[in-house]
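Working notes for the structure below.
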Amino acid sequence: MSINNWKISKDVKDLLNVRKAPLGVGGVTSIFTIMSALAQQNNAINLSQGFPDFHIDEQLAHLLGEAAHKGHNQYSPMPGLPALRQAIAGDIKKRYGVDVDADNEITVTPGATYAIYTAFTAILQQGDEVIVLEPAYDSYVPNIEMNGAKAVTIALQAPRFNPDWNKIKDAITSRTRAIIVNTPHNPTGAVWSKKDWDQLAEIIRDTNIIVLSDEVYEQIVFDGMKHYSVLQHPELRQRSFALYSFGKVYNNTGWKVGYTIAPPAYTQAVRRIHQFLVFSVNTPAQYALALNMANDTAPPVHTIMQKKRDHFLSLIKQTPFTIYEPARGSYFQLAGYSNISNLPDTEFAQWLTKEYGVATIPVSVLYKNKKDDRLIRFCFAKKEETLNEAANRLRRLKAIS
């Protein structure tokens, strides 16, 4: 079908209202669910949802089976297995030079998205405000609104998607309870520097604002860059939740195991809620992760993912898409399509899925006001043959003459 005759369908029209009301009011479905379902319906290559399509490390897979076979199949302690929390503390010390109390500062969670929701629930009350830097992972705003608070959104500055510090400072009011930061950033691949954290510390120094630092892609940074964690900032660490995902480190997103690191008082607040939501996390997976961390033989995930990013960038050059800035971290690469179509990005993403068999994420749905810069997000955390086949399909696209 010609792109000029394309008509948006009702399911994608509904996306235009995704962020106008709290999730749970009206049963709105997330963009990731919608685009993955659309990919399946149209036998499309799914470069929308952020999950690898290749096998996890054999050692880790073996350890999971071994843990189940040896009988580690019942509830684990509520904060997480002591062995895993100790392994996390040792890993943080090794990589960041920071001492973390495994008993009082680390809580194992069923994924990082859960950890984010639980942290918000622990600190927010009716009428509070939270600063959100957009485009933003789609759970942030609904999590805030479900807790009776208001999301105050501020757009990052394209094409490098740096924070606008003047706008952030101007957004702070007496009701500002928190700010959520994501580095490396989904969907843009931007990475915060120490200077960024210093700027944030200066702005919130004389306030009671709490920082939620979503660092799930912490080990996926490229081109020799280093991830700087909020835990490394002595001033901010005392007022922050740092949130992590094993799924992004070990390419096992379906295990749904993450963790939060926070000062003891914050940790106690999270655990008071955690104990009544799930109480404990998958026990065999925790055993496997703890043992694997003690002797991890797999190549570093950033090495694996940089090869995939570089390969994807070489492929996308052969299409009419525009790359404004290579991703500096994460699983994702943004691409502009203004040379291909004038459609809004939600319509373009659906058209691309149905007509060319490649599913992506339209970036406008990651803004509360649906800001549309004609950008889509590709996930390159895929096998080489998957990326090659996607590129073969995308090469059929023609630039607007």
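The values are calculated or read from the model by the stated rules, or taken from the named source; none is laboratory data. Just so it is clear, the structure is predicted and the values come from calculations on it, not from any experiment. Please note: Cβ atoms are built from the backbone with ideal geometry, for glycine as well, and neighbour counts cover all protein chains shown.
The table that follows gives values for the structure above.
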item	result
Any hit, the range 151-162, residues being at negative phi and free of Cβ contacts under 8 Å to residues at least 24 places away in the same chain	yes
Subset of the range 380-401 that is of a type in the set (A, V, I, L, M) and touching a strand residue (DSSP E or B) at 6+ places or on another chain (Cβ under 7 Å) - its residue that is surrounded by the fewest Cβ atoms within 10 Å (Cβ to Cβ)	Leu394
Any hit, the range 239-251, residues being assigned to a helix (DSSP H, G or I) and more than 16 Å from Gly111 (Cβ to Cβ)	no
Any hit, the range 311-318, residues being closer than 30 Å to Ser193 by Cβ and not in a helix (DSSP H, G or I)	yes
Subset tally (residues that are under 21 Å from His233 (Cβ atoms) and either in contact with a helix residue (DSSP H, G or I) (Cβ under 7 Å, 6 or more places away or on another chain) or touching a residue at least 60 places away in the same chain (Cβ under 8 Å) (or both)) for the range 76-94	4
Positions within the range 163-182 being among the polar types (S, T, N, Q) and touching a residue at least 40 places away in the same chain (Cβ under 8 Å), in sequence order	Thr173, Thr176, Asn182
Enumeration of residues in the range 165-207 that are basic (Lys, Arg) and either farther than 23 Å from Phe222 by Cα or in the same structural domain as Arg377 (by TED's automatic domain parsing) (or both)	Lys167, Lys169, Arg175, Arg177, Arg205
Residue within the range 13-27 that is within 30 Å of Asn143 (Cβ to Cβ), surrounded by 12 or more Cβ atoms within 10 Å (Cβ to Cβ) and at pLDDT 95 or above present	no
Members of the range 365-379 found to be closer than 14 Å to Ala335 by Cβ and surrounded by fewer than 24 Cβ atoms within 10 Å (Cβ to Cβ), listed by number	Asp373, Arg374
Residue match in the range 216-223 (condition: more than 25 Å from Lys169 (Cα to Cα), without any contact (Cβ under 8 Å) to a residue 12 or more places away in the chain and in a loop (DSSP other than H, G, I, E, B))	no
Test: residue in the range 338-359 that is touching a residue at least 40 places away in the same chain (Cβ under 8 Å) and in a strand (DSSP E or B)	yes
From the options Thr360, Thr319, residue that is within 30 Å of His55 (Cβ to Cβ), surrounded by 24 or more Cβ atoms within 10 Å (Cβ to Cβ) and among the hydroxyl-bearing types (Ser, Thr, Tyr)	Thr360
Only one of Ala151, Ala158 that is at pLDDT below 95, in the same structural domain as Ser240 (by TED's automatic domain parsing) and among the small types (Gly, Ala, Ser)	Ala158
Test: Phe279 is under 18 Å from Ala83 (Cα atoms), within 22 Å of the chain's Cα centre (by Cα) and not polar (S, T, N, Q)	no
Helices (runs of 4 or more DSSP H) (entirely within the range 40-143) containing at least 3 residues that are more than 30 Å from Trp165 (Cα to Cα)	58-69, 82-96
Residues that are touching a residue at least 40 places away in the same chain (Cβ under 8 Å) and more than 25 Å from the chain's Cα centre (by Cα), drawn from the range 317-337	Gln318, Thr319, Pro320
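Here's the yes/no breakdown for (1) among the hydrophobic types (A, V, I, L, M, F, W, C); (2) on the phi > 0 side of the Ramachandran plot; (3) modelled with pLDDT of 95 or more; (4) under 15 Å from the mean Cα position of the chain (by Cα):
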| site | (1), (2), (3), (4) |
| --- | --- |
| Val181 | yes, no, yes, yes |
| Asn186 | no, no, yes, yes |
| Asp196 | no, no, yes, no |
| Thr207 | no, no, yes, no |
| Leu212 | yes, no, yes, yes |
| Glu218 | no, no, yes, yes |
| His233 | no, no, yes, no |
| Gln238 | no, no, yes, no |
| Tyr244 | no, no, yes, yes |
